[in-house]
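Here is the structure we will look at.
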Amino acid sequence: AGSAACPRPRPMRSPVAKAKFGTRQCFVSPPSLITSPSEVLAPHVDLWRSVPPSVLAHALSGALGALAAEAAVFPVDTVKLITQTAPSAEAKGFFATFADVLRERGVAGLYKGLLSALLTEGIHSFNYWAWHGFLFRRLTRWNDTTRTPPAMRLLLNMLAKQLNWVCTVPFEVVSTMNQVLPNSPGFIATAAMLYREGGVARFYRGLFVSMALAINPAVMHTLITGLLGAAARLRTQFFGEDHTSARAHPPALIGAITAASKIVSTLLTYPLIRAKVLQQTRKGYSTQSPFVILREILSSEGAPGLYRGLLALSYKAVLWNAFMMMVKSSLGPKRPTSPPQTPQAWARNVPAFPLMGRDAFNDEASAKRLEEILAHLRRGRRGQLDERIAGLEERLAVLRDDLHEVRN
């Protein structure tokens, strides 16, 4: 059945013209009778339009990718949090902190709090991709593709992350605190302890900083779409790939571009990230604004203190996001692709279309197709003429018989 995304085709007069429909794409295969100039001049190009997959499919694949990434890089995340929240007098580098954790807690200590982190990340990622798909589906024409202006993509990515934080920041607060505590008492026990300390407001500590930090994933996802579009254009121009195959990005390419985008967004926002972590985990900072925390860091640790823990966070954030996007692209629906503005084969092989009305050009493919059209039309007219001639001959025979009877 036809739908708004994949409309029912109009009846085609040619007996060999046909339309094929699938659950994900609509194809109009090149028939022997071509009905549009682009099909005449590009007979081997399929005209298609993808039906966008459901928001639920994107949300589920994003959650599965997040769970796989969280399990893979959780030890790095544990070391990162300890490095970020250690007092300035006890501050150590990433590898020194990693060695201390192994010596004091053993290998199992690197995985304490994993279950609560998986629960939090599953809910968090599912919620984010649901908002992301909903906003881009409702507020843009071309979804999250390069046809949507970068400023619009940045705004919608940021709005999706902010709505995500409003829904899930209590889970993140509990998970972070459970991971920092030496004994990691568990998600429910940590939530009960935080409630006794400050009530419901304790679960929303750091919300405003998180809302501001929504610019971090917004920049990352905006860069991902732009860089993937640039990669597709390079494959089209320099390797001769068509529009569809150039945008069938392998998971490895998506992971590499995600890593590069995350590095850029993290460098821009890391001081606020550290202020948020301190606000959520240090009792002395819980009532202070992020700017006060940043001033205290500058006065006690200097400018390098703003970026303490950056190496650990970069390991975690870059690896986590790259792995998550690779898994999501492998398990879930493909990323939306922008439709081609001009049939590429036509543009490469044939002169500009207005020249057809003025100048002759030698194009064997066009001549062959036009001959097929004329032959089909001639066959149709010959059939009609044959029927009319047969009718006339029959009437002439009757008239001849009548004249013969009259003469006799």
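Observations, loosely collected:
- Top-ranked residue of the range 116-152 - restricted to ones that are outside any loop (DSSP other than H, G, I, E, B) and out of contact with any helix residue (DSSP H, G or I) (no Cβ under 7 Å at 6 or more places or on another chain), ranked as farthest from ASN164 (Cα to Cα): ALA151
- Extreme residue, nearest to ALA230 (Cα to Cα), among residues of the range 125-168 that are basic (Lys, Arg) and open to solvent by less than 50 Å² (accessible area, probe 1.4 Å): ARG153
- The lone exception for LEU56 - which of (1) touching an Asp or Glu at 6+ places or on another chain (Cβ under 8 Å); (2) in a helix (DSSP H, G or I) it fails: (1)
- LYS80 basic (Lys, Arg) and in contact with a Pro (Cβ under 6 Å, 6 or more places away or on another chain): no
- Checked against (1) crowded, with 20+ Cβ neighbours inside 10 Å; (2) within 17 Å of LEU213 (Cα to Cα), SER289 meets all criteria but (1).
- Residue match in the range 172-184 (condition: within 30 Å of ARG335 (Cα to Cα) and not aromatic (Phe, Trp, Tyr)): yes
- Residue within the range 25-45 that is modelled with pLDDT of 50 or more and surrounded by 14 or more Cβ atoms within 10 Å (Cβ to Cβ) present: no
- The set of residues from the range 303-318 being touching a residue at least 24 places away in the same chain (Cβ under 8 Å) and either open to solvent by less than 70 Å² (accessible area, probe 1.4 Å) or under 17 Å from LEU223 (Cβ atoms) (or both) comprises GLY305, LEU306, ARG308, GLY309, LEU310, ALA312, LEU313, SER314, LYS316, ALA317, VAL318.
- Residue within the range 178-189 that is aliphatic (A, V, I, L, M), open to solvent by less than 30 Å² (accessible area, probe 1.4 Å) and touching a helix residue (DSSP H, G or I) at 6+ places or on another chain (Cβ under 6 Å) present: no
- Which numbered condition PRO170 fails, given (1) free of Cβ contacts under 8 Å to residues at least 60 places away in the same chain; (2) within 17 Å of the chain's Cα centre (by Cα): (2)
- Residues being free of Cβ contacts under 8 Å to residues at least 40 places away in the same chain, over 10 Å from SER329 (Cβ atoms) and part of a loop (DSSP other than H, G, I, E, B) - total across the range 231-256: 2
- Residue within the range 339-348 that is open to solvent by less than 50 Å² (accessible area, probe 1.4 Å), at pLDDT below 75 and touching a Lys or Arg at 6+ places or on another chain (Cβ under 7 Å) present: yes
- A single member of ARG196, ARG202 is more than 17 Å from ASP144 (Cβ to Cβ) and open to solvent by 20 Å² or more (accessible area, probe 1.4 Å), and it is ARG196.
- Residue match in the range 106-116 (condition: at pLDDT 75 or above, open to solvent by less than 30 Å² (accessible area, probe 1.4 Å), out of contact with any strand residue (DSSP E or B) (no Cβ under 7 Å at 6 or more places or on another chain) and more than 22 Å from ALA317 (Cα to Cα)): yes
- Members of the range 206-230 found to be touching a Phe, Trp or Tyr at 6+ places or on another chain (Cβ under 7 Å) and free of Cβ contacts under 8 Å to residues at least 60 places away in the same chain, listed by number: LEU207, MET211, ALA214
- Taking the range 59-90 as the range and being open to solvent by 40 Å² or more (accessible area, probe 1.4 Å) and assigned to a loop (DSSP other than H, G, I, E, B) as the test, only PRO87 passes.
The values are calculated or read from the model by the stated rules, or taken from the named source; none is laboratory data. Note that the structure is a prediction, hence the values are computed from the model and not measured. Don't worry about glycine lacking a Cβ; one is built from the backbone with ideal geometry, like all the others, and counts go over all protein chains shown. Just the protein is used for accessible areas: all its heavy atoms, side chains included, with ligands, DNA and RNA removed. Shrake-Rupley method; radii C 1.70, N 1.55, O 1.52, S 1.80 Å.
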